Amino acid sequence: MSTPLTAQELHNLAMNIVGKHLEANGFEFMGINSQPKKNPQYVCLKDKQLYFIVVRAVAYPHDPTDYDPVLMKKMKEHAEKHQADAFYAGVGLYNATDKDLPVYLNQDYIEDYEGLIKIS
């Protein structure tokens, strides 16, 4: 029997997906925090601009582009103190066989990631 991924493992998977996207798009990593509740998860630099990026793994049936507006308002205020832009990166992770089942170790999954969402 396969083991469902833990919340931390799902978060790490989301972090890897977002990290590869950032790297492919020329972001330089200044700081990485893989704890789900310690924000931001990524502090990056691109074109001399600082970015604070909050990463969340999102389970079915939730929309990975929906974020907690209270948390992101705090993150935007924190970013502004450092002359940084705040972004949200939600990654939907779903069981490939049945979205109602959890994501299992060593089994296929569906990734729903639309990129960074700027918090304004």
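What aspartates and glutamates does K99 reach when the alpha-carbon gap must be under 17 Å and sequence neighbours fewer than 8 apart in one chain are set aside?
D63, D108, E111, D112
Given the rule -39500 (n - 2.57) for each run of at least 4 DSSP H residues, summed and divided by the residues of the chain, what is its mean residue ellipticity at 222 nm, to the nearest 500 deg cm²/dmol?
Counting only the DSSP helices, I get -8500 deg cm²/dmol.
Listed highest first by mean packing, meaning other Cβ atoms within 10 Å per residue, what order do 87-94, 27-34 come in?
Descending packing order for the listed peptides: 87-94, 27-34.
Give the long-range amide H neighbours of A86: residues separated by 5 or more places, or on another chain, with amide H under 5 Å away, using H modelled in the peptide plane at 1.01 Å from N.
So A86 has HN proximity to F52, I119.
Quick check for me: using +1 on Lys/Arg Cβ and -1 on Asp/Glu Cβ, what's the dipole size of the range 29-120 about its Cα centre, in debye to the nearest 20?
Here the range 29-120 has a charge dipole of around 620 debye.
I'd like to compare 44-57, 64-77: which one has the highest average count of other Cβ atoms within 10 Å, and what's the full order after that?
My ranking of the peptides, most packed first, is 44-57, 64-77.
What share of all Cα pairs of the chain, in percent, falls into each consecutive 10 Å distance bin?
14, 45, 30, 10, 1
Nearest 5 is fine: what % of DSSP beta bridges in the chain come out antiparallel, could you say?
Antiparallel bridges make up about 65 percent of those DSSP assigns within the chain.
Every number here is computed from the coordinates shown, using simple stated rules; none is lab data. Quick caveat: nothing in here was measured; it's all calculated off a predicted structure. All Cβ positions, glycine included, derive from the backbone under ideal geometry; neighbour counts span all protein chains shown.
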